[in-house]
Every structure is written in structure tokens, then in C-alpha cells.
Amino acid sequence: MDYVISDIHGCYEKYIKMLEKIKFSSDDTLYVLGDVLDRGPAGIQTLLDLSKRDNVVLLRGNYDHQAGILLANLHMLDDEGCPSELIELYGVWLSDGGKSTLAEYLKLTDEDQVAVINTIKRMRKSVEIIVNGKQYLLAHTVPGIDRSADYQNWTLEECILGEPDYEQCYFKDMYVVTGHTPTGFIDRQSVGQIWQGNNHIAIDCGAVFGKPLGCLCLDTMEEFYVL
């Protein structure tokens, strides 16, 4: 089975419960659509667990991307020549969910710190897959529909910070699956639930804000939730 999940944001216990709920096995594939890190208490623990599973495909979210840059350059912060832009970004990161990630990271061995940085570097921008004859484009987020014709050339920035047009159908023959935006902001009736419409599937249910962690099986379209 092929499963998609997104925006775990350090909710390790919900993540583990989800694997148990879907009976995740070596015959399955789990696509994680970014934002594993920050805000929640155990983003690093979650990331390391995911990185050790051969049947997990990790895509990069904006929080993962920012954390990767800052963690890889922590040594520069004590340097008198450290760029002011990096110092400013570091402060923003800490105030927007990075404190828990940094605290976990600093407790790791040197080997595990390297593993975290390398895992973030390997996170993919987007993935195209076919399940049961249906084509899916997976990404943390996507740009506006005016960029749909050139989707194979979308930049990393567009795939981690883009603003989707949920009311528009991007492709008639392909489904777009994203996280990034909690579904309650797309449709108030979809708070804490997976949202579908216009060949777009949004799966960030707001787990780190006390809502369920959602997961979708692309083979059966069955939705799974854990609190």
C-alpha cells in the first residue's frame, strides 16, 4: 500500500500510533510531505526514525528546510564574521518553533547530528507516482495555478512556500497532494480532516495544534486519523 502523511511537526507519539493503525509493513511505502521538524517536542526523534526506514520517501517542507540551514551553520553563530542575515534567521527560527528542534539536536552524538543534516539534504522537492492507474503529484505545497503548465520545473522555494489555488483544478489527469496549509484554513468544515476537491488533496490536519494526524492510503483512498 502507498500512504501519504504530512506536517508531523515533532508529534512523535501520534506518528508511531499512525504506523500502528495502518499496520505499516515492509511491503508498504510511506510518503512524508514535509515539515517533520519544529513546533512539536520530538521532531529530531521522528526524523531519525523515518530516515532508518527503507520504505519511506521524505519530501522537504519549509520548516525542515530552515532547520537544515541553521543546524548546519550553528558553528558560525559564534564567529564575529557571522552574516547578520543568518543571525536574524536564527532568531526567527527559535521564535517560530525551532527551540524544541535545537534542544534535541544538541543532545545528539556527532554521528547522529551528521545523520540529521544529511537526511534533510536528501529530502526531495516533489514526487510523481502512479497508484491503481491514477497519477499523483506529491509536494509539501505548490505555487499558484498560473505555474501549473511548467510543474516539472517548479523550484524548491515554490514547493515549500507556494500558495495553492485550492478552488482551481491544476490537472485533469493528475491529482495534487499537499500538506503545509491546515485543512481548516481551506474549508472550515474540514478542520482536523483531510480535504479533497478539484483534483487536490490536502492532508495537513493540524496535528501539532491538538488536531488529529491524518494519513491517506492512495490504493483505497481510506483516511486514517490519530489523536
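Brief remarks on what is shown
- Scanning region 139-169 for residues that are touching a Lys or Arg at 6+ places or on another chain (Cβ under 9 Å) and crowded, with 19+ Cβ neighbours inside 10 Å gives Ala139, His140, Glu158, Cys159, Ile160, Gly162.
- Selection within region 173-190: residues that are among the hydrophobic types (A, V, I, L, M, F, W, C) and crowded, with 20+ Cβ neighbours inside 10 Å. The member of this set that is farthest from the chain's Cα centre (by Cα) is Val176.
- Between Gln113, Gln135, Gln168, the distinction of being modelled with pLDDT of 95 or more and in a helix (DSSP H, G or I) belongs to Gln113 only.
- Some residue of region 155-172 being of a type in the set (Ser, Thr, Tyr) and more than 20 Å from the chain's Cα centre (by Cα): yes
- Region 204-221: number of residues that are open to solvent by 50 Å² or more (accessible area, probe 1.4 Å) and in contact with a Cys (Cβ under 6 Å, 6 or more places away or on another chain): 1
- Considering region 191-203, the residues that are open to solvent by less than 50 Å² (accessible area, probe 1.4 Å) and in contact with a strand residue (DSSP E or B) (Cβ under 8 Å, 6 or more places away or on another chain) include one that is farthest from Ile5 (Cα to Cα), namely Asn199.
- Residue list for region 1-57, filter: of a type in the set (S, T, N, Q) and in a loop (DSSP other than H, G, I, E, B): Ser6, Ser25, Ser26, Asn55
- Residue check for Glu128: under 20 Å from Arg60 (Cα atoms) and among the acidic types (Asp, Glu): yes
The values are calculated or read from the model by the stated rules, or taken from the named source; none is laboratory data. Given the structure is predicted, the values throughout are model-derived calculations rather than measurements. Here the Cβ is made from the backbone with ideal geometry for all residues, glycine too, and neighbour counts use every protein chain on show. For accessibility, only protein heavy atoms count, side chains too; no ligands or nucleic acids. Shrake-Rupley method; radii C 1.70, N 1.55, O 1.52, S 1.80 Å.
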